[in-house]
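A.B. asks: Let me begin by handing over the structure; questions about it come next.
The values are calculated or read from the model by the stated rules, or taken from the named source; none is laboratory data. Because the structure is predicted, anything quoted here is derived from the model rather than measured. No Cβ is skipped: glycine too gets one built from the backbone with ideal geometry, and neighbour counts run over all protein chains shown.
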């Protein structure tokens, strides 16, 4: 009996010791968990900060990459909008249709021969005025009737001054090209009369070269733009289309005489006709080249593809070879003001489009338009010039020293 009691007591003691041991283990485990939890909670903010810092760094890199990609990709994207659409093409060329029918593209003015041969041989001659000029008075009188059907923008052609236009049915009243500002090679001579523009070395645009370019002129908007550029002493590049009326010819002359670069865009801004074949491209190019040379005595050496070179990305090499043979270089753009994107930007937005695009580039070729109806482009130009000049930018016309800004890059031609 006594042994049984002793045995039970020992078992009870052993059980209590076991329970105590288990309890100690549980307490120890809980302490460990609590300590680890506290340590984790203390380290968590630090870990999260490190992770957040890493993610922010990656995000910044991605933003920088996306932004740089955007800057370049929008150059391609803007090709779809940087040139006037088919309907606006009709407006641009509506009153020019009277000048030349399809057969006229194969007429004497083209049959005179290769442009390069004319330049090299020095035999460029004045085209027969009866064949190559319009009855400008007729154009002026019928302009609104011809264009109203395709003029949703209510373009004002009132700038065609009856007092200025001469009767081009005869050679009387036609001025010879004014070559006073050209050298013997038909290029613009150095203009030493304009004051050098001060560029602030601390400005946000200092060290940046900016080339202002205007497409699809000349028009009444061109007159306003030329006045503004003259006021600021800035030279620009005008990629013109082909107009045969005397008012437009006087604008070609003024572009040259004011010291700007008269560059080629297209005789007729119609993609289907220009890019139908290399032969059609040649006809359009030659017709515009002849018009500009015969009018101004200036030899154009700069070209911009209608719609940009991306329009002919898959066949750019053959077009580039053609231009190189003519001694001509093509340029695109990498900044736009948005005046031809099909979006009704406010004037302030257009200004910001230009300034923000220039801010992140060392060299900027800015695409704007001076065709009929581009009033906002003229209105925004003074503020753009104020910002760029005060910011230290160097404003230049395109020449042989300008970096090749091209969307579709052609193989080099030796």
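A.B. asks: Looking only at helices (runs of 4 or more DSSP H) that fall completely inside segment 314-392, which ones have 3 or more residues that are more than 13 Å from the chain's Cα centre (by Cα) and under 20 Å from residue 402 (Cβ atoms)? Walk me through how you get there before you give the answer.
C.D. replies: Details: elements: 316-325, 347-359, 375-390.
Passing ranges, in order: 316-325, 375-390.
A.B. asks: In addition: Would you pick out the residues in segment 230-241 that are crowded, with 23+ Cβ neighbours inside 10 Å and either part of a loop (DSSP other than H, G, I, E, B) or in contact (Cβ under 8 Å) with a residue 60 or more places away in the chain (or both)? Reasoning before the result, please.
C.D. replies: Within segment 230-241, the first condition is being crowded, with 23+ Cβ neighbours inside 10 Å, and the residues that meet it are 236-241.
Residues satisfying the conditions are 236, 237, 238, 239, 241.
For every residue, the table says whether it meets (1) over 21 Å from the mean Cα position of the chain (by Cα); (2) in contact (Cβ under 8 Å) with a residue 24 or more places away in the chain; (3) closer than 24 Å to residue 319 by Cβ.
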position	(1), (2), (3)
218	no, yes, no
274	no, yes, yes
290	yes, yes, yes
300	no, yes, yes
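A.B. asks: Take the residues in segment 396-414 that are touching a residue at least 40 places away in the same chain (Cβ under 8 Å) and over 23 Å from residue 239 (Cα atoms), then tell me which one is surrounded by the most Cβ atoms within 10 Å (Cβ to Cβ).
C.D. replies: Quick first cut of segment 396-414, residues touching a residue at least 40 places away in the same chain (Cβ under 8 Å) only: 396-400, 402-411, 413.
Next cut, over 23 Å from residue 239 (Cα atoms) only: 411, 413.
Values: 411: 9, 413: 11.
Among residues in segment 396-414 that are touching a residue at least 40 places away in the same chain (Cβ under 8 Å) and over 23 Å from residue 239 (Cα atoms), the one surrounded by the most Cβ atoms within 10 Å (Cβ to Cβ) is 413.
A.B. asks: Within the set of pairs 6 or more residues apart or between chains, which connect a residue that is not assigned by TED's automatic domain parsing to the domain that holds residue 347 inside segment 375-395 to a residue that is in a helix (DSSP H, G or I) and surrounded by 21 or more Cβ atoms within 10 Å (Cβ to Cβ) with Cβ atoms less than 6 Å apart?
C.D. replies: Filtered contacts from segment 375-395: no entries.
A.B. asks: Right, another one. Taking only segment 284-309 into account, find how many residues are buried (at least 20 other Cβ atoms within 10 Å of the Cβ) and part of a helix (DSSP H, G or I).
C.D. replies: So the count comes out to 13.
A.B. asks: Within the bounds of segment 243-258, is there any residue that is at positive phi and surrounded by fewer than 20 Cβ atoms within 10 Å (Cβ to Cβ)? Before you say what the answer is, go through the steps one by one.
C.D. replies: Taking segment 243-258 as the starting set, the residues that turn out to be at positive phi are none.
No: segment 243-258 contains no residue that is at positive phi and surrounded by fewer than 20 Cβ atoms within 10 Å (Cβ to Cβ).
A.B. asks: Related question: Within segment 352-374, take every residue that is out of contact with any helix residue (DSSP H, G or I) (no Cβ under 8 Å at 6 or more places or on another chain) and more than 16 Å from residue 332 (Cβ to Cβ) and give me the one that is surrounded by the fewest Cβ atoms within 10 Å (Cβ to Cβ). Let's see the steps before the verdict.
C.D. replies: From segment 352-374, those out of contact with any helix residue (DSSP H, G or I) (no Cβ under 8 Å at 6 or more places or on another chain) are 352-353, 356, 359, 362-363, 365; that's our starting set.
Filter once more, so that each one left must be more than 16 Å from residue 332 (Cβ to Cβ): 352-353, 356, 359, 362.
Numbers: 352: 17, 353: 20, 356: 11, 359: 13, 362: 9.
Among residues in segment 352-374 that are out of contact with any helix residue (DSSP H, G or I) (no Cβ under 8 Å at 6 or more places or on another chain) and more than 16 Å from residue 332 (Cβ to Cβ), the one surrounded by the fewest Cβ atoms within 10 Å (Cβ to Cβ) is 362.
A.B. asks: Here is a follow-up. Considering only segment 214-225, I want to know if a residue exists there that is surrounded by 21 or more Cβ atoms within 10 Å (Cβ to Cβ), touching a helix residue (DSSP H, G or I) at 6+ places or on another chain (Cβ under 7 Å) and farther than 17 Å from residue 340 by Cβ.
C.D. replies: Checking segment 214-225: not a single residue is surrounded by 21 or more Cβ atoms within 10 Å (Cβ to Cβ), touching a helix residue (DSSP H, G or I) at 6+ places or on another chain (Cβ under 7 Å) and farther than 17 Å from residue 340 by Cβ.
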